[in-house]
Amino acid sequence: MKIAIFTDTFYPEINGVARTLKRLTAYLEEKHISFKIFAPYSYDNDSNDTHILRIKSLPFYLYPECRLAIPNPLFIKKELQNFAPDVIHVVTPFTMGLCGTYFSRKLKIPLVGSYHTNFDSYLTFYNLSFLSKLLWKYMLWFYRPCKKIFVPSHETMHQLQKHGFQNLDIWTRGVNCELFHPFYHHDSIRKQYGISKKFLITYAGRLAPEKDVITFLHAAKLLPDEINQHIQWLVVGDGPLREELQHTAPENMLFTGYLSGNSLAEVYSASDLFVFPSSSETFGNVVLEALASGTPAICANSGGVKNIINAGKTGELCTPARPQEFAQAIHSLLINESLRKQMGIEGRKYALTQRWEAIFDQLICHYDHVVNEHKKNHTIQQTPSSQALAKVKTGL
């Protein structure tokens, strides 16, 4: 099988979509499955990687670290024809996704798509809710040609079904439990960041309006002084709100910037709680990483995250944008050490069932099904009907 993947974001960009695709391509290489990535040019250009075709691009004004590609159709068509993929997978609904959809139709290559981001939820945080109907019309139009549309959670599937999407299948997310685990030396993280407080509470993610980091900040301020004085708050990530957050954050809140790999895994492992107030997630990779690290998570009861957290067992779910609820949940778990530790154990157990290899194996089965259906339909279209055969024989 040969797979062509069209995406507007890819490694080394730091977001859930790029990280998932990087994990997928590592799996494909390991399984010796041929693939080619069509993605915007990155300053950290991996030009030596023959699997990746980088396209000229410009920074996107809402997300300067994300880029909008400016495709050269003739060049991409030539590359696709030389590669001769069995299936095209469009990952994002922007310029590269549109390019993949166009060439799927033009070259008669079966098309699948994946839905990763709740852009409709984002509109609210950027005061653009009036564009919601137009956005959903575009999304329906963009994904309609796909033989399958992969979504990361049942919650996201239900949301799309309400808007008329069809051909939906679950492509969930996994976690590397060899990287994210509870067994790191916690003293090294405390020493690295100068942490002397009894408790460490962490947020990880983009510092942007759609992640509702303001709720995290307000929850920290709502905790009573007698407990807050024993807490070190750690904010992992970067984004347009960082400067504002740092200016208004309490003294016991530390900003680390982006972390990845072992640096991120060690922070999860050393944390007593992970707090993630975002209500716009289609899945919530960081939440699963925290659970794999044996750290209970307190999250918004919304989006794909609610399909990860088993409330009362691996963490707690709070009403979105209600910092008081988050503060109460944090306080409750900090004063109940036995429950907190049991939640950490249960979270780790759950994460161990979410292995990437099994998830990608299932994705390949979906690809196979689409490719085989396409071949079967193509064969039927090319096979003469019985009446046509009879006429040919009569003519002979």
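The values are calculated or read from the model by the stated rules, or taken from the named source; none is laboratory data. If you're wondering where the values come from, they're calculated on a predicted model, not measured in any experiment. Note: ideal-geometry Cβ built from the backbone for every residue, glycine included; neighbour counts use all protein chains shown. Side chains are part of the model used for accessible areas, which takes the heavy atoms of the whole protein and leaves out ligands, DNA and RNA. Shrake-Rupley method; radii C 1.70, N 1.55, O 1.52, S 1.80 Å.
The DSSP beta bridges internal to the chain are antiparallel in roughly 10% of cases. For the chain, modelled as a GNM whose springs connect Cα atoms under 10 angstrom apart, the maximal fluctuation among Ile33, Ile214, Ile52 occurs at Ile33.
Checking the a/c ratio against 1.5 first, then a/b against b/c, what shape does the Cα gyration tensor give for region 218-320?
Rounded.
Using heavy atoms of the protein chains and a probe of 1.4 Å, the accessible area assigned to Asp49 is about 50 Å². Backbone amide hydrogens, once placed in the peptide plane, bring Ser57 within less than 5 Å of Tyr41, Ile70, excluding anything fewer than 5 places away on its chain.
Counting each pair of different Cα atoms once, what's the Kirkwood radius of region 99-147 in Å, rounded to one decimal?
Answer for region 99-147: a Kirkwood hydrodynamic radius of 12.2 Å.
What translational D, rounded to a whole number of µm²/s, comes out for the chain from Stokes-Einstein when the hydrodynamic radius is the Kirkwood one over Cα pairs, at 4 °C and 1.567 mPa s? Rounded, D is 57 µm²/s. When the helices of the chain are scored as -39500 (n - 2.57) per DSSP H run of n ≥ 4 and the total is divided over every residue, the value at 222 nm lands at -13500 deg cm²/dmol. With the simple spin-label model, which puts each label point 7 Å out from Cα in the Cβ direction, the Asn377 to Arg190 separation comes to 6.0 nm. Applying 1/(1 + (r/R0)^6) with R0 = 45 Å to the Cβ-Cβ distance of Lys77 and His230 gives a FRET efficiency near 0.15. Length gained on full extension, Lys31 to Asn127, computed as 0.36 nm times the residue gap minus the Cα-Cα distance: 30.1 nm.
Each 10 Å bin, from zero up to the one with the longest distance, holds this percent of the alpha carbon pairs of region 52-202: 9, 28, 28, 20, 12, 4, 0.
Stretching Ile345 away from His331 to a fully extended chain increases their span by 3.1 nm, per 0.36 nm per residue minus the current alpha-carbon distance. In this structure, the amide hydrogen of Phe255, modeled 1.01 Å from its nitrogen in the peptide plane, lies closer than 5 angstrom to those of Val235, counting only residues at least 5 positions away or on a different chain. Karplus-derived 3J(HN,Hα) values for region 209-224, using 6.51 cos²θ - 1.76 cosθ + 1.60 with θ = phi - 60°, are x, 5, 8, 6, 5, 4, 5, 4, 5, 5, 4, 4, 7, 7, 5, x Hz; glycine and proline are entered as x.
Under 5 Å between amide hydrogens, built in the peptide plane, is the criterion, and for Gln232 it picks out Phe199, Leu200, Ile201 among residues at least 5 positions away or on other chains.
Report the label-to-label distance for Leu140 and Gln166 in nanometres (one decimal), using points 7 Å from each Cα along the Cα→Cβ vector. Each label point lies 7 Å from its Cα, and together they span 1.2 nm. Summary of packing: across the peptides 100-107, 281-288, the per-residue average of other C-beta atoms within 10 Å ranks them, highest first, as 281-288, 100-107.
Around the Cα centre of the chain, unit charges on the Cβ atoms of Lys, Arg, Asp and Glu (plus for the first two, minus for the last two) sum to a dipole of about 1780 debye.
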